[in-house]
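Encoded as structure tokens, the structure appears first; notes follow it.
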Amino acid sequence: MIVANRKPLEEIQDMIKDCGNVLLVGCKGCVTVCNVGGKKEVEILAATLKIARKKEGKALNIDEVTIERQCDPEYIELVKETVGNYDAVISMACGVGPQFLSEAYPEQKFYPGLDTEFFGGAVQHGVWEERCAGCGTCVIHKYDGLCPIARCSKSIMHGPCGGSAQGMCEISSEVICIWDQIVKKKMEQGKLEDLLITNNAKDWRSARDGGPRRAIREELLNE
Amino acid sequence: MSDLKSGSNLEKVLKAGHFAFTGECGPPMGCNVEHLKEKMQFLKGNVDAVNVTDNQTAVARMASIAASAIMIQEGLEPNFQMVCRDSNRLGMTSNILGAYALGVRNMLCLSGDHQKFGNHPQAKNVYDIDSMQLIALVKKMRDEGKFMNDEDIDENPKMFIGAACNPFADPYEFRVHRLANKVNSGADFIQTQCIYNMDKFRDFMKKAVDMGLTEKCYILAGVTPMKSAPMANYMAKRVPGIEVPEDLIKRLKGVEKKDQAEEGIKFALEQVEEFKEMEGIAGVHMMAIEWEHRMPEISERAGVLPRPVV
């Protein structure tokens, strides 16, 4: 899923400092699963913003709505009647949300309530980690399920680099060296020879480097 | 001499069977060419080639290619370093051609320290290709006369191709295999990370010799003299991939503060003596970091002067 973090309260307060009537739009997709932009988090942010404004002695009305997904025009359509009634609208979805809302309702000003971070999953309750860089040409099977593109700090294809120490990456004692794990797994399997080849340089056209991407399912176009 | 790959001095020294001795010179954090030239003069005649670092430790400095060209004007032979962190295959390819056009004949292909360590940690890193692929790129340009995209080059850059090897990074059992991969990708010579743990390095070299790697490439052992006990402590604790045995720290602490630099040099010289005899070692890469002015003395005391003229 897409993992995001809520923006610092001060940043959100600053976005809406001149607004008295605000709508918060949550999303029931990824950001609900990673506990940052669902109904509950929308409620918490609304309450927090109201309290903060009250301390300043000013009024703030906040309405809340949480829709199925903000990455689908079908659901974006559902706020059509109300979205124009506010000074500002804060999207609590990933970066797709405020863009789809802005595209659908060009007269309204939308703000991102979240910082979208990565494609990943929960490794324990309350902790999410990056697993995919969306490079567009998956090679995970060559590395026994461990992606060096997303998980090596240098995305190198022939690791570990000289900075790998005791299973951890040179950049931080909190970051594992994925190449250490790849090598150990290959060694356990007796398949070290898999790592003794020089892979051709990656074709990054399938990644963001090839420009903004688009996926088309021909079979759906004709439905 | 037509069988030379590049015709660089370093290549000729190694090919003739001499014990090679290379040095290092970091470009300035500015445009102070005079100071750079002063540092170079300390190395002149005392080494066979000098590594010109490429934004080492991810700190922005004068370009390696520019400092290499200045070095050639000063009458020294550069070993032009290039890291994968700062440019993509287009930038690297053009700099390889440019460096060759300026007279550079040796280059060292590196991944590069992560930018987190440097003075621009906000930077986007590149890593379009990695060090293994960079080695293969330079080899392809030299031997096949082709760019990475298979298009023809009208005049090949004939570089003597170097790579780094860190026997002290983990997992240890894999390091010799990664070295083999670099040799198979096209590395003609290897310069190792700074060695302090001699027991481990002896074991590593035995493995490299047994695998036949030292017949396919020249291995230069990396030596950095410790300037003080605090430096040894810092390297032991803070520099990833460097192993400093407790014994060495004790040895440095065992002498008065003013004598610690001399003790560090003594240890380095003892290392050089052992490397001269060690099977598979073709030379020493002396990285006297910001200690260029001590290099005449270090080379002299290491017994490697005069440098061979080949």
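The values are calculated or read from the model by the stated rules, or taken from the named source; none is laboratory data. As the structure is a prediction and not an experimental result, all values here were calculated from the model. We place every Cβ from the backbone using ideal geometry, glycine too, and count neighbours over all the protein chains shown. Note: areas computed on protein heavy atoms with side chains; ligands, DNA, RNA excluded. Shrake-Rupley method; radii C 1.70, N 1.55, O 1.52, S 1.80 Å.
Summary of values
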| read-out | value |
| --- | --- |
| Listed peptides A:28-41, B:136-149 by packing density, highest first (mean Cβ within 10 Å) | A:28-41, B:136-149 |
| Helix-only CD estimate at 222 nm, as mean residue ellipticity for the protein assembly as shown, using -39500 (n - 2.57) per DSSP H run (n ≥ 4) | -10000 deg cm²/dmol |
| Of B:Lys5/B:Lys44; A:Lys142/B:Lys206; B:Lys15/B:Lys227; A:Lys186/B:Lys124; A:Lys184/B:Lys250, those spanning more than 28 Å from alpha-carbon to alpha-carbon | A:Lys142/B:Lys206; B:Lys15/B:Lys227; A:Lys186/B:Lys124; A:Lys184/B:Lys250 |
| B:Glu77 long-range amide H proximity, modeled H, under 5 Å | B:Val50 |
| Value of relative contact order over chain B, rounded to a whole percent, pairs C-alpha under 8 Å and six or more apart | 20 |
| When the protein assembly as shown is reduced to its Cα atoms, the Kirkwood hydrodynamic radius in Å | 26.3 |
| Over segment B:20-165, relative contact order from alpha-carbon pairs under 8 Å, at least 6 apart, % | 21 |
| Dipole magnitude of segment A:2-118, debye to nearest 20 (Cβ charges: Lys/Arg +1, Asp/Glu -1, about Cα centre) | 460 |
| Charged-residue dipole, Cβ positions (Lys, Arg, Asp, Glu), chain B about Cα centre, Debye nearest 20 | 440 |
| Portion, in percent, of the accessible area of chain A that falls on carbon or sulfur, probe 1.4 Å | 51 |
| Rg over Rh, two decimals, segment B:9-57 (C-alpha only, Kirkwood Rh) | 1.06 |
| Other-chain or far-sequence residues with amide H under 5 Å of A:Val3's (modelled H) | A:Glu117, A:Phe118, A:Phe119, A:Gly120 |
| Residue order for B:Cys31, A:Cys161, B:Cys109 - accessible surface, 1.4 angstrom probe, largest first | B:Cys31, A:Cys161, B:Cys109 |
| About the Cα centre, charge dipole magnitude for the protein assembly as shown (Lys/Arg +1, Asp/Glu -1 at Cβ), debye | 640 |
| Over 29 Å between alpha carbons, listed pairs B:Lys140/B:Lys200; A:Lys17/A:Lys154; A:Lys185/B:Lys276; B:Lys200/B:Lys266; B:Lys116/B:Lys207 | B:Lys140/B:Lys200; A:Lys17/A:Lys154; A:Lys185/B:Lys276; B:Lys116/B:Lys207 |
| Degrees, to the nearest 10: A:39-55 long Cα axis against longest axis of chain A | 50 |
| Shielding score for B:129-140, defined as the mean number of other chain Cβ atoms within 10 Å | 4 |
| Whole-number percent relative contact order across chain A, with pairs defined as alpha carbons under 8 Å at least 6 apart | 17 |
| P(r) tail fraction, chain A - alpha-carbon pairs more than 33 Å apart, % | 35 |
| Peptide ranges B:57-69, B:176-188, A:3-15, A:125-137 listed from the most packed, as the mean C-beta count within 10 angstrom indicates | B:176-188, B:57-69, A:3-15, A:125-137 |
| Area hidden from solvent between B and A (accessible, protein heavy atoms only, 1.4 Å, total, Å²) | 2300 |
